[in-house]
Amino acid sequence: MTDRPIKRPGPDHPITIEPNPARILVTVAGRVVADTRAALTLREASYPPVQYIPRKDVDMSLLERTDQSTYCPYKGDCAYYSLPLGGDCCVNAVWTYEAPFAPVAAIENHLAFYPDRVEVAEEKAVR
């Protein structure tokens, strides 16, 4: 059991998760790391939106699990990966909530990338 706080999203700290119909392409050093049309856009309070990409659409062979971990009282325990082909700037450049709290359960089996450490391109969906 943990004594860490667990908080629920609400009016003072809203969190929404919506499917993103756009194609999201993540590259590092010219290599495609992720390519999906099934990303989830997570919007949390005043933070910039984050694209969570299904693990199945990520080339996991390019990622290396690290010992880094953090805790979010709204989402749970967070694990990190590095992208060795990107060098030092790509250490802990990828994060995931492997057992997220119920209000954000949709991001389970998804990864997010720091956009200042990798190239993230979003091609708007054609309607």
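Observations
- Selection of strands (runs of 3 or more DSSP E) fully inside segment 51-127 by the criterion of at least 2 residues being in contact with a Phe, Trp or Tyr (Cβ under 8 Å, 6 or more places away or on another chain) and of a type in the set (A, V, I, L, M, F, W, C) returns 76-82, 94-96, 110-113.
- Residues that are open to solvent by 60 Å² or more (accessible area, probe 1.4 Å) and either more than 18 Å from Cys78 (Cβ to Cβ) or out of contact with any helix residue (DSSP H, G or I) (no Cβ under 7 Å at 6 or more places or on another chain) (or both) within segment 1-13 comprise Met1, Thr2, Asp3, Arg4, Pro5, Ile6, Lys7, Pro11, Asp12, listed in sequence order.
- Filtering segment 79-99 to residues that are open to solvent by less than 20 Å² (accessible area, probe 1.4 Å) and closer than 16 Å to Ile17 by Cβ leaves Thr96, Tyr97.
- Boolean, Ala45 is over 13 Å from Thr27 (Cα atoms), under 13 Å from the mean Cα position of the chain (by Cα) and either buried (at least 18 other Cβ atoms within 10 Å of the Cβ) or of a type in the set (Gly, Ala, Ser) (or both): no
The values are calculated or read from the model by the stated rules, or taken from the named source; none is laboratory data. Everything numeric here is computed off the predicted structure, so don't read it as measured data. Heads up, the Cβs are rebuilt from the backbone with ideal geometry, glycines too, and the neighbour counts pull from every protein chain shown. Side chains are part of the model used for accessible areas, which takes the heavy atoms of the whole protein and leaves out ligands, DNA and RNA. Shrake-Rupley method; radii C 1.70, N 1.55, O 1.52, S 1.80 Å.
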